[in-house]
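Scroll down for the structure; my scribbles are underneath it.
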Ligand SMILES: [Zn+2]
């Protein structure tokens, strides 16, 4: 087990089913997790009595297949792929923009705060990001009314890894909220 920051361990960002001895599989993945954890730590330190549980970190192609087989419609351009290239279908819209592989997954983690509401963490994180105290590319508040669960999706800022002109091609809305389990999103922040 290896720490990334004072409150985060590498294995917390591991793909589904990996054990506590998991470490990033390559330098790029390590760099992306480190940057994500360092920014998360700033938010986490503000809520000193809380705990931030990582409910989803690095996603792999195996995870993609598992989700697809389970009837979900996982995105091939999710930041959760954390530096791993994902093959795109020929003739698809994404193929037209990115080519045969999506190479721009900059790293993301879903956080379930314990001891503080996810909405409060979201508001503070957006505020800190706007003031450049942290550097996230995207912050999304998600609530699933079916089981009353809520979490926050955090991703790295693509400009930390790619030129601005490249980032413009896959730019995303920075601050979003969904309270219907991801069916619809509203712009926040
Ligand atoms: Zn996520």
- For residue 185 and residue 49, compute 0.36 nm times the residue count separating them, minus their Cα-Cα distance, and round to one decimal in nm. 46.0 nm
- With the contact rule set at Cα under 8 Å and sequence spacing of 6 or more, what percent relative contact order holds for the chain? 18
- Segment residue 148-residue 165, length gained on full extension (0.36 nm per residue, minus Cα span): 2.1 nm
- Note on the structure: Once both label points are put 7 Å beyond Cα along the C-beta direction, the residue 112-residue 2 separation in nm becomes 2.7
- For the chain, the longest principal axis of the Cα atoms and the Cα long axis of helix 118-130 enclose an angle in degrees, to the nearest 10, of 70
- Task: Please compute the Cα-Cα pair-distance distribution of the stretch 71-138 with 5 Å bins starting at 0, giving whole percents from short to long.
- Result: 3, 15, 16, 18, 15, 12, 11, 7, 2, 0
- Per its Cα gyration tensor (rounded if a/c is under 1.5, else prolate when a/b beats b/c, else oblate), the stretch 44-168 is best filed as oblate
- Query: Based only on the alpha carbon positions, what is the Kirkwood hydrodynamic radius of the stretch 124-189, in angstrom?
  - Reply: 12.8
- Roughly how tilted is helix 27-46, in degrees to the nearest 10 and between 0 and 90, from the longest Cα axis of the chain? 30
- Set the Förster radius R0 to 22 Å, insert the Cβ-Cβ distance between residue 25 and residue 93 as r into 1/(1 + (r/R0)^6), and round the FRET efficiency to 0.05. 0.15
- Query: So what's the back-of-envelope 222 nm ellipticity for the chain, counting only DSSP H runs of four-plus at -39500 (n - 2.57) apiece and dividing by all residues, rounded to 500?
  - Reply: -8500 deg cm²/dmol
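Quick note: the coordinates plus some simple rules give every number you see, no bench work behind them. Computed from a predicted model, the values in this text were never measured in an experiment. Here the Cβ is made from the backbone with ideal geometry for all residues, glycine too, and neighbour counts use every protein chain on show.
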